[in-house]
Amino acid sequence: MLSTSEMHSSLSLFVSFFILFSLLQPIPCFSDSLFTSDQQALISFKSQIHDPKLSLSSWSSRNPVTNWTGVSISNRTGRVVVLDLAGRSLFGPITTVLCNLSTLQILILSSNSFVGPIPLCLAQLKLLRTLDLSKNAGLQGPIPPWIGNFSAFLTKLDLSYNAFLGEIPYTIFEMSSLIYLDLSNNQLVGNIQEFKSTLNYLNLGHNQLDGSVPCFSRSVKFLSFLNLAGNALSGGIPTCFSSLKLLKELNLSSNGLQYRISPRFILSHRVEILDLSSNRLSGPIPGSLVQNPDKSRLMLVDLSRNQLTGEIPFELTNLRNLQALSLSNNQISGKIPPSIGNLTYLQFLDLSFNLLTGSVVVGLAGCFQLSHLNLGHNLLTGEIWPELDALDGLRVLDLSSNQIWGEIPLPLAGCKSLEVVDLSGNNLTGELSGAILKWQNLRAISVAGNRLSGVLPDWIFSFENLQQIDLSNNSFSGFIPDGNFNVSLKLNGFTGSVNAVTVSLDLAKGRRFDLGYSIDRVVGIDISHNELRGAIPTGLLGFKGLEYLNLSCNHLDGQIPVGFDKMTRLRKLDFSHNGLTGQVPHGLSEIKGLEVLDLSYNSLSGPVPQGDRLRRFPGAFAGNPRLCLAGCAAAEAKLPEEGDTGVGGHSVGNEGKSFVSVGAFWISAVTSFYVSLVTLLCSSKARGYIFRSVRPEF
């Protein structure tokens, strides 16, 4: 009989021999002979959907299964385990034949055009680990309740960017296997309950969910991404979020959250994104938003569009990794902290629409990576510091609607990356600085509503990317420059306009977060309410890309140039309150998309071009007495003289009414006088009354 040690030795030898024998056996190759039922299911699925790009053309018995698009099989069983058809432009219903793929573990049909409800039979896929049906706008109806308990292995569920409605099924809250859940951008309603799963990723943003925000206590040690933005959530911000130690991104924006932010709301130093914007939060900004500010990874803080008060806490300037800070549209007062220059990684700073006082602090020059600076609509005073020229990467500078005075400093030429500059609504004086010429990337500039003077420089239209320029409500004099009209690609209509200047923040794991400064897409020029004189340059009407042109309230004279027929994109035109003469160009009646036209209060004459398009602007020609609107045959044969009203036509005066000629008026007046006088003198009683003696009275 073998001893115990000998038995163990023999058993080990046998197991080793069996494993070696098994490894040496040939493994059945199923790659070219897909299990028959799975093959039939896939071919049937292909036949029932539309495939405009022929993405599934490889699905053929003539091709090895390993070459079938989006299909992966098990080497052990030959059954389909992965079906990934993301972004293949497929259209049609999710057919029930997919339910025959009983060994499927991953099903991804995202970014297509599938329609209809989720088939009930998908509940048969008991081994499914990932179900991703995101970004199929045609998927609709309620989320079926079985989706929360059909598979004990389901870890990822993504139904985002669809048209699902109703409440979140209670079975989803009861699941224990989920790690990743995304139901964002649907039409879901109801309350958010506590989840029993230990979630790492939760996105319920942009639905119609209401109620208060739960603590997600089961996920305290795991949750790293939480997005509940764009719902109708109410109440306060839970202080229990301070316990989410692995949290990296928290977005509660665009809800109805209110009350003060508790001083106990202190997040983990791991948080990178904090967005509480567009709520009704009130009170001061807490001094400490994160634990261990020196170790903080916080890159973005957005508390904009709330009802916050008080001053900007200096503690915010200790968040050395901060790249974006937005506190706009609140009621924040006080001065900008001088220590803001400590934020050397800051790229985006928006403090607009508050009650900030003091000057534009020199410390901002320390934020040398700054790309967007918006301090508009505050109560800032003082001059623009020349030291800001250190911001050579600055793309957006908005200091509008403050009380800033002085001249535009020449050193700002150092900000050579500027694309958008808004200095409107201040008390700036002097002439347009030559520094502007260095901003060769300029897209939009506004200095409207200041006290600038001098002549317009020849280079004012010479920026290649220029799409908007507003110099209105100043005291510019001289002539409109006649030159450099062929430089701007956008004004000439060669390239499309943009509606935002964006900055991208690089987050961990290759993720990006985009922030933008919105600008009007409309391409236009506004030089109204100045003291400009002379003729309108012909080249100005050569800007084929212009959508609005306002030269009103100046002292311009001469005739309106021809060439409007080429300005096919023009929507608004205002030449009112000048001294323009001559006729209305016929080309105006050729502009199909014209929405606003004002040529009133000039000295225009002759017939107005006929056509339905110009009849839509009845007040556009008021204040031009020699202008003829209708019945102008006589006026066309002989233009009215100075002071005449255009006999035979309907002239347009200050109130758009016809007037009697001046000569006829005086003849009628003199005749009436003499007739009345003779009548009186021929009456004895009248003579006695008129020539009676005047007796003095005492």
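Please calculate how many Å² of accessible area segment 74-151 carries per residue, with a 1.4 Å probe and no DNA, RNA or ligand atoms counted.
On the way: 3040 Å² over 78 residues.
About 39 Å² of surface per residue is accessible.
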Loop-only GluC sites (Glu not before Pro) in segment 157-252, please: DSSP not H, G, I, E or B, and at most 14 other Cβ atoms within 10 Å. 194
Extension reserve of the residue 568-residue 479 stretch, reckoned as 0.36 nm per residue once the Cα distance is removed: 29.4 nm
Once the mean 1/r over all distinct Cα pairs of segment 160-258 is inverted, what Kirkwood radius in angstroms do you read off? 13.4 Å
Sequence order, segment 424-429: Karplus ³J(HN,Hα) from phi using 6.51 cos²θ - 1.76 cosθ + 1.60, θ = phi - 60°, Hz rounded, Gly and Pro as x, gives 5, x, 10, 10, 5, 10
Multiplying the sequence separation of residue 246 and residue 262 by 0.36 nm and subtracting their Cα-Cα distance, what value in nm do you get? 3.7 nm
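In terms of the Cα gyration tensor, with a ≥ b ≥ c the square roots of its eigenvalues, is segment 285-419 rounded because a/c is under 1.5, prolate because a/b exceeds b/c, or oblate?
Working: a/c = 1.95, a/b = 1.29, b/c = 1.51.
Judged from the Cα gyration tensor, segment 285-419 comes out oblate (a/c at least 1.5, b/c at or above a/b).
Which FRET efficiency value, to the nearest 0.05, do you get for residue 345 and residue 163 by plugging their Cβ-Cβ distance into 1/(1 + (r/R0)^6) with R0 = 41 Å?
According to the calculation, E is roughly 0.50.
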Label-point separation, residue 355 to residue 455 (7 Å along Cα→Cβ), nm: 4.7 nm
Could you work out how far apart the two model spin labels at residue 194 and residue 217 are, taking each label as a point 7 Å from the Cα in the direction of the beta carbon, and quote it in nm? 0.3 nm
Using only alpha carbon pairs under 8 Å that are at least six residues apart, calculate the relative contact order of segment 453-607 and give it in whole percent. 19 percent
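Of 196/248; 245/335; 135/196; 135/156; 295/416; 46/135, which sit over 24 Å apart, Cα to Cα?
245/335; 135/196; 295/416
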Accessible area per residue in Å² at 1.4 Å probe, computed on segment 191-298: 39 Å²
Within segment 435-495, report the trypsin sites (Lys or Arg not before Pro) that DSSP leaves as loop and that have at most 13 other Cβ atoms within 10 Å. 451
Spin-label model distance (nm) - residue 616 vs residue 121, 7 Å beyond Cα toward Cβ: 5.6 nm
Counting only heavy atoms of protein chains, what accessible area per residue, in Å², does segment 540-580 have with a probe of 1.4 Å? 39 Å²
Relative contact order, percent, of segment 519-575 when contacts are C-alpha pairs under 8 Å separated by at least 6 residues? 41 percent
Please arrange 301, 455 by accessible surface area, largest first, computed with a 1.4 Å probe and ligands excluded. 455, 301
Post the alpha-carbon centroid distance, segment 50-74 to segment 326-352, in whole angstrom. 55 Å
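The values are calculated or read from the model by the stated rules, or taken from the named source; none is laboratory data. Please read these numbers as outputs of a predicted model, since none were measured by experiment. Virtual Cβ from ideal backbone geometry, glycine too; neighbours counted across all protein chains shown. Just so you know, the surface numbers come from the protein's heavy atoms only, side chains and all, with ligands and any DNA or RNA stripped out. Shrake-Rupley method; radii C 1.70, N 1.55, O 1.52, S 1.80 Å.
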